[in-house]
Amino acid sequence: MIMLFGYKGKILRVDLAKKKIAKEDLPEEWMRKYIGCRGINDIILYNEVGPSVGPLSPENKIIFGTGPLEGTPLGMGRISIQTKYINKSIAEGSSGGDWGPELKYAGYDFVVIEKKSQMPVYLYINDDDVEIRDAEDLWGKDTRETNRIIRERTGIGNIQVASIGRGAENLVASSKVIFTLNHAGGRGCGTIMGDKKLKAIAVHGTGGVKIKDPAKFLQAYRELRKRWDLKDADDPLIPGFAFLSANFLLQFFNENCMLPAYNEQKGSIEGFLAPEDYLQKYVTGPKTGFCCPFPACGRRYEVREREYATFSGDEREGGFSIGAALVGVTSWSASLKVRDLCNKYSLDEFQVLYTIAWGMECYEKGIITKDDTEGIELKFGNNDAVVEMTEKIASREGFGEILANGSEEAARVVGKGSEKFLLTIKGRELETMNPRAVYAIALALAVCESGPDHTRWYPPYPPNPKMIPKDLAIPFDAVKASLPRSVEGKGSFVKWLYDSRAVLESIPTCVFATRGSLKVDMKPWLDAYNACTGSNYTMDEFIKVGERIVNLERAYIIREGFRRADDTIPRRMLEEPIIDGHIPPIGENLKVMIDDYYTVRGWDVNTSIPKEEKLRELDLDFVIDDLKYLR
Amino acid sequence: MGKRVFVFKELCNGCRNCEMWCSFSQRQQNEFNSSYSAIRIIRDIDETFDEPMVNCTGEGCPLNEEGEPICVEMCPTGALVFTNLEDACQKKIELAEKRRVQPMFKLIAPWKYPYPWTEWPKEGV
């Protein structure tokens with residue numbers, strides 16, 4: 001057998017009901033066809049969790065996946081978690097941190113969690129030693145405490161712990177898994193983990209990852225490093241992201257009315273959170289995930305303000321900083337507090353925020369009153385209400401009980417036209433990206449297989465055409481693609497984004513590292529992948545893997561009953577303008593772009609079902625029979 | 001005076017690039033494996049700090065074109081410096097001064113990225 005380098009070649013299967021642990025080989029065919037991580041997670045899910053499996057039934061599975069580059073600096077610790085979500089679509093998310101590499105060092109590429117446990121348990125992996133251990137006393141503890149207790153109990157100081165908190169235990173919609181302390185990933189996977197009564201997975205490994213061609217690997221990495229270099233970066237945004245991640249966009253977004261202010265009714269907010277303030281007052285130092293090439297993609301912060309007991313932690317993506325505009329939060333301390341609570345309770349910030357923002361709009365428009373909220377004044381800009389509501393959602397108390405099931409479910413309960421304020425796609429909340437300002441975002445959000453997931457198409461704009469190397473063949477028109485509010489050329493651009501990001505998430509690496517010319521130039525990644533594994537993919541074959549992954553995911557949700565009608569964006573974006581920014585609604589433009597996208601993809605324009613010849617071209621013959629009779 | 005690796009622990013972001021690349025280059029194992037590494041990033045149980053522990057004299061370590069060992073080359077913040085004692089002392093003082101006037105230097109060393117900001121870049125979003 002010709003084994004590819006980079007892999008451990010092992011899948012760990014854990015049956016929580018029978019308390020049985022099995023190790024099996026990772027088929028080489030999968031490594032070649034789907035590479036790893038998100039790609040192989042997809043094929044496992046497709047094969048093993050069919051349409052007859054209910055999301056909350058014991059037959060549902062959670063898959064933790066790594067890829068060939070995991071454990072090398074280029075993998076950046078990305079781990080992909082996948083399961084079938086409550087709305088029957090795919091729940092997939094990736095996270096950084098040291099957990100993924102540690103799993104690889106312990107000797108496993110994938111962990112598949114099967115069945116349900118009666119009592120709370122946690123999984124202990126120490127190289128070959130794998131045990132299901134009792135976690136009854138850990139149930140109810142937050143992720144920080146869980147982390148600490150497991151570290152103390154196992155006596156291994158740097159054991160990496162993926163755990164869930166109160167939110168996921170209470171099956172709050174879109175709950176996440178928290179890796180170690182502050183790395184969150186997998187919207188919705190935490191909920192299923194809570195349902196399976198799996199409190200945590202603790203991993204420790206002493207192995208390494210072997211590289212086939214070290215000289216070439218180092219060369220490819222140095223090439224990437226050159227493009228990320230702060231001094232000579234070809235992208236003027238690199239330094240901003242490198243120090244403040246998404247936070248640095250706050251001012252730009254506010255000035256250009258691109259913030260999702262007040263449940264996305266407006267585009268700017270008074271008293272927005274200034275990034276300089278944050279840096280000056282709260283940041284204490286840099287803190288990043290495993291082998292991040294940027295100096296301060298994440299930062300340690302400490303809040304010592306009177307409203308809250310002193311708390312500290314580290315944050316990176318800044319989702320809440322931009323999201324703070326949604327609920328009108330105007331203080332960094334409140335913003336960081338909600339972030340801190342979300343990590344402790346393993347809640348999804350986006351779900352929490354959008355749901356509270358929806359509640360606030362209902363409150364301000366008189367659909368719900370103080371009686372419904374048990375005295376909380378749920379008004380935009382009320383910092384305390386946001387913090388209090390987050391707590392209540394996690395423990396399903398009072399009005400939190402209604403909000404905990406997500407805004408779509410809450411609108412069904414509340415009624416009275418409140419569904420008009422919903423900002424959800426395929427039953428899941430948006431992610432503070434602004435589709436009305438940039439049409440590529442609108443299209444990408446609409447056609448996403450898992451509901452909104454920005455890592456699948458980030459970044460939604462091509463680089464400045466001047467930055468694109470001349471000899472680089474790209475399958476879309478960079479000038480047309482970069483026009484923010486035009487429908488032209490968006491289909492092929494978004495297809496390319498999806499395909500290329502699917503590969504990046506499968507090798508795996510961090511999609512936020514695609515900056516400057518790397519947004520379109522995949523060659524250094526391909527070189528690194530080939531050097532690491534010893535395969536010799538051409539660029540076409542490499543991108544084809546991505547296309548295969550996207551088509552497989554599409555086939556999965558088609559089999560679950562999703563069709564073209566589900567590929568849409570919220571009513572507000574289609575019908576209402578951004579008032580203060582004079583940005584018009586998207587309207588019919590979305591339909592034009594989706595037609596374009598399906599055509600480029602080789603999917604049926606009326607149903608979004610991939611055509612037979614497309615599936616054959618992608619070696620997905622086994623899917624054809626499953627989709628044959630579906631209309 | 002001879003050069004060696006100095007650590008500015010307040011700048012360490014805990015990324016472990018140095019640890020992984022050291023293991024990769026040090027022995028001809030073609031492997032990323034921290035047990036071969038001369039550097040470990042240590043953390044407390046609640047991860048309130050990260051700090052590189054270096055067990056290295058620099059002897060026999062291959063240097064790159066700029067005369068740096070790979071751990072220093074791959075450090076994104078400038079927390080590791082390959083220099084002599086005198087220069088290291090000077091850098092330590094420079095860092096302390098700059099941190100006071102420009103909060104950006106809480107995150108990165110001035111020798112790594114010597115431009116203080118006046119304004120964020122605003123084009124090309």
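Read the figures in this text as sums done on the coordinates, not as results from a lab. Fair warning: this is a prediction, and the values are worked out from it, not measured in the lab. All Cβ positions, even for glycine, are placed from backbone atoms using ideal geometry, and neighbour counts span all protein chains on display.
Quick rundown of the values:
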item: Positive-end residue of A:257, A:228, A:34, charge dipole of the protein assembly as shown with Cβ unit charges; result: A:34
item: Net dipole in debye of chain A [+1 Lys, Arg Cβ; -1 Asp, Glu Cβ; about Cα centre; nearest 20]; result: 700 debye
item: Local electrostatic count at residue A:265 - Lys and Arg +1, Asp and Glu -1, tallied over other residues with Cβ under 11 Å; result: -2
item: Exercise: per-residue mean of other protein chain Cβ atoms within 10 Å, A:149-158; result: 2
item: Length gained when the stretch residue A:565-residue A:19 is fully extended (0.36 nm per residue, less Cα-Cα span); result: 192.4 nm
item: Over 21 Å [Cα-Cα, the range A:109-201], rounded percent; result: 22 percent
item: Pair residue A:369, residue A:128: separation of 7 Å Cα→Cβ label points (nm); result: 6.9 nm
item: Ranked by how many other beta carbons lie within 10 Å on average, peptides A:200-207, A:323-330, A:216-223 from highest; result: A:323-330, A:200-207, A:216-223
item: Global form of the range A:177-259, assessed from the alpha-carbon gyration tensor, a/c cut-off 1.5; result: oblate
item: Fewest-first sequence of A:245, A:52, A:321 by Cβ atoms within 10 Å of each Cβ; result: A:52, A:245, A:321
item: The range A:178-314 shape via C-alpha gyration tensor axes, a/c threshold 1.5; result: oblate
item: Rounded to the nearest 20 debye, dipole of the range A:240-423 from Cβ charges on Lys, Arg, Asp, Glu; result: 340 debye
item: Cut-off 13 Å between beta-carbons: net charge of the residues surrounding residue A:416, Lys and Arg +1, Asp and Glu -1; result: 0
item: Residue order, fewest to most beta carbons within 10 Å, for A:433, A:539; result: A:539, A:433
item: Cα-based convex hull volume of the protein assembly as shown per residue, rounded to whole Å³; result: 147 Å³
item: Relative contact order %, chain A, counting alpha carbon pairs below 8 Å whose residues are six or more apart; result: 15 percent
item: Footprinting exposure proxy for A:199, A:420 (fewest neighbouring C-beta atoms within 10 Å first); result: A:420, A:199
item: Karplus-derived HN-Hα couplings along the range A:254-262 (A = 6.51, B = -1.76, C = 1.60, θ = phi - 60°), whole Hz, x at Gly and Pro; result: 5, 5, 9, 6, 10, 7, x, 5, 6
item: Amide proton proximity set for residue A:138, modelled H, under 5 Å, gap of 5+; result: none
item: Amide hydrogen neighbours beyond the local backbone of residue A:581, cut-off 5 Å, H modeled; result: A:267
item: Centroid-to-centroid separation of the range A:49-100 and the range A:233-267 [C-alpha atoms, Å]; result: 29 Å
item: Calculated from backbone phi, Karplus (6.51, -1.76, 1.60) coupling profile of the range A:308-314 in Hz, x at Gly/Pro; result: 10, 5, 3, 9, 9, x, 9
item: Global geometry of the range A:240-423, whether rounded, prolate or oblate, following the gyration tensor of its Cα atoms and the 1.5 cut on a/c; result: prolate
item: Structure-based [θ]222 nm, the protein assembly as shown - -39500 (n - 2.57) summed over DSSP H runs of at least 4, per residue, nearest 500; result: -10500 deg cm²/dmol
item: Selection from B:78, B:60, B:39 lying farthest towards where the dipole of the range B:27-83 points positive, charges on Cβ; result: B:60
item: Formal net charge of residues neighbouring residue A:70 (Cβ-Cβ distance under 9 Å; K, R +1; D, E -1); result: +1
item: Per-residue mean of C-beta atoms belonging to partner chains within 10 Å, peptide A:53-63; result: 0
item: Inter-chain Cβ neighbour average for residues A:204-213, partner chain, 10 Å; result: 4
item: Cα→Cβ-extended label distance, 7 Å offset, between residue A:630 and residue B:48, nm; result: 5.2 nm
item: Computed over the range A:43-179: relative contact order in percent, which uses C-alpha pairs under 8 Å that are six or more apart; result: 18 percent
